[in-house]
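Enquirer: Pasting a structure here, questions to come.
The values are calculated or read from the model by the stated rules, or taken from the named source; none is laboratory data. In this text, all values refer to a predicted model and were calculated from it rather than measured experimentally. Cβ placement follows ideal geometry from the backbone for every residue including glycine, while neighbour counts extend to all protein chains displayed. Accessible surface is based on the protein model in full, side chains and every heavy atom, while ligands, DNA and RNA are left aside. Shrake-Rupley method; radii C 1.70, N 1.55, O 1.52, S 1.80 Å.
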Amino acid sequence: MQDHDRVARLVSTALDNFDAPGQSVASLVRQAARIASLRQDFAAQYRFQIELLDVASGAAKTDATVDGINNNLITLLGVGDARKQVLKAYYGYERGRRTAGTENVNVISIAQIEANLAQLHSVYAEYSVTDKGSNYYADEAAIAADKQQAKLLPLIQGHAQIIEHVRQDVHSYLLLTETDLHTGKPTSSVFERGLEYVRTSLAERAPSALEKFSAAEASLAGGSPEDLTHALTSTRRMIKDLADALYPATGETIVGDDKVERVMDDEAYRNRLIQFAKEKLGKRLQGKVMGDTLASYGKRITNLDSMANKGVHSDVTAAEAEQCVIWSFMLAADLLRIADGTSADLAPVGAPGE
């Protein structure tokens, strides 16, 4: 459920230019992270994202991208399996950062490691003795320079080893992704598992919403302007049907914490979804955290509704239609996780470095 051609082009370009002169490993990691994000391959994206961060300073704890990846993994897999994916990615990262023969783990950003290596090479070169004279002072200078270079050599080798390990991991990921695309596997296994969760949960809780979701996928695959418009319409109807199942219309008016009155009637499905989230999450979340969470859901529902309405008034591109379907899918998954008590808002997950 992604722009297959776009991802394929990015993978091809990254591999074609992989050994280009001046290509930094940090640049390769950023490209791999983008490809993983577009494929909703959140486990791989997590691995590449922490490669770019200074984990030693605690940056992973406050990085918005890492937080979003964790939440997406929980949405797709549930808390237990999400944590397994995060730990697997983190330990893979840690193994590549361990200095050979030691237990030392270098957890600064890959860009800083590359910069440090360049500086070490520069200092190493400064200790080179060009005057190979045979007098006593020349001999002493050569011996001193050799000693300094000998101290630097393990650091240079350690940094180079880490860089090459990360570089090889990126190359392996790009090759595997290219193979998946060529063999008809456009989506990551993590995303496929999430799709299965949503389909199974909708079949149990809201069969009519599942029908709309399947219709949106079929229309998206059709690709014609009319099909794309139908895909957007189906996503809106899917969310409406899900609201009917999770929080049926009551007709009552509820005053929110913001003192705003909201009617829970049939047409106001957005109000009903927010109220559903509030009642379920309110058992665990309070105060500003609760307010921010509900505001986030409200914004997502409004944005999705606006995008779906675009198809009624103007033509939409395939990329816009696909984005709308994916947003609908992720929103449905989040709401279903709230319903079964496995929401990321109830049980955040993180790796040891976070």
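Enquirer: Would you mind working out the accessible area per residue for the chain, using a 1.4 Å probe, and quoting it in Å²?
Expert: Values: 17570 Å² over 354 residues.
Per residue, the chain has 50 Å² of solvent-accessible surface.
Enquirer: Return the single residue from G22, G194, G341 with maximal mean-square fluctuation; model: Gaussian network over the chain, springs between Cα atoms under 10 Å.
Expert: Fluctuation is largest for G22.
Enquirer: Rounded to the nearest percent, how much of the accessible area of the chain (1.4 Å probe, protein heavy atoms only) is carbon and sulfur? Can you show the working numbers first?
Expert: Numbers: 8970 of 17570 Å².
Looking at the chain in its full context, I get 51 percent from C and S.
Enquirer: While we're on this one: For the stretch 115-225, report the translational diffusion coefficient in µm²/s to the nearest whole number, using Stokes-Einstein at 10 °C, 1.306 mPa s, and a Kirkwood Rh over Cα pairs.
Expert: Values: Rh = 20.1 Å.
My calculation gives 79 µm²/s for D.
Enquirer: Could you tell me, in Å, what Rg and Dmax come out for the Cα atoms of the stretch 158-201?
Expert: Rg then Dmax for the stretch 158-201, in Å: 15.5, 49.
Enquirer: Here is a further query. Say we join alpha carbon atoms closer than 10 Å with springs in a Gaussian network model of the chain; which of V166, V316, V107 then has the biggest fluctuation?
Expert: Of V166, V316, V107, the Gaussian network model singles out V316 as fluctuating most.
Enquirer: Return the whole-Å distance between the Cα centroid of the stretch 82-110 and the Cα centroid of the stretch 141-173.
Expert: Answer, in whole Å: 18.
Enquirer: Roughly how tilted is helix 269-281, in degrees to the nearest 10 and between 0 and 90, from the longest Cα axis of the chain?
Expert: For helix 269-281, the angle is close to 60 degrees.
Enquirer: Follow-up question, since we're still on this one. Over the Cα atoms of the stretch 173-239, compute the convex hull volume and normalise it per residue, giving Å³.
Expert: Numbers: hull volume 6.5 nm³, N = 67.
Enclosed volume per residue, from the Cα hull, is 96 Å³.
Enquirer: Hey, rough spin-label estimate for I254 and A268, points 7 angstrom out along Cα→Cβ, what's it come to in nanometres?
Expert: 1.0 nm
Enquirer: Between E192 and L155, what is the FRET efficiency for a Förster distance of 45 Å, r being their Cβ-Cβ separation, to the nearest 0.05? Walk me through the intermediate numbers first.
Expert: Working: r = 43 Å, r/R0 = 0.96.
About 0.55, to the nearest 0.05.
Enquirer: Net charge within 12 Å of R47 by Cβ-Cβ distance, Lys/Arg positive one each and Asp/Glu negative one each, not counting R47 itself?
Expert: Values: positive: K88, R95, R97; negative: D41, E51, E94, D169.
The answer is -1.
Enquirer: Measuring from centroid to centroid over Cα atoms, what is the spacing of the stretch 317-344 and the stretch 174-246 in Å?
Expert: Cα centroid of the stretch 317-344 versus Cα centroid of the stretch 174-246: 9 Å apart.
Enquirer: Taking the Cα-to-Cβ direction at S122 and at N309 and moving 7 Å from each Cα, how far apart do the two end points lie in nm?
Expert: Taking the two extended label points, one gets 5.6 nm.
Enquirer: I would also like to ask the following. GNM, the chain, Cα, under 10 Å: largest mean-square fluctuation among S109, S172, S343?
Expert: Highest fluctuation of the listed residues: S172.
Enquirer: Viscosity 0.692 mPa s, temperature 37 °C: give me the Stokes-Einstein translational D for the stretch 10-61 in µm²/s, with Rh taken as the Kirkwood radius over C-alpha pairs. Write down the numbers at each step before the final one.
Expert: Working: Rh = 11.7 Å.
Roughly 280 µm²/s, to the nearest whole number.
Enquirer: Oh, and also: Below 8 Å between Cα atoms, with a sequence gap of 6+, how large is the relative contact order for the chain in percent? Don't skip to the answer; put the middle values down first.
Expert: Details: 422 pairs, mean separation 81.7, N = 354.
Relative contact order, the chain: 23 percent.
Enquirer: Would you mind working out the magnitude of the charge dipole of the chain relative to its Cα centre, with +1 at each Lys and Arg C-beta and -1 at each Asp and Glu C-beta, to the nearest 20 Debye? Walk me through the intermediate numbers first.
Expert: On the way: 38 positive and 48 negative charges, 140 e Å.
Here the chain has a charge dipole of around 680 debye.
Enquirer: Something else about it: Please give the per residue volume of the convex hull enclosing the alpha carbon atoms of the chain, rounded to a whole number of Å³. Each step should come with its number before you reach the end.
Expert: Numbers: hull volume 59.3 nm³, N = 354.
Dividing the Cα hull volume of the chain by its residues yields 167 Å³.
Enquirer: Continuing with the same structure: Quick check: the angle from helix 225-246's long axis to the longest principal axis of the chain, C-alpha only, nearest 10 degrees?
Expert: 70 degrees
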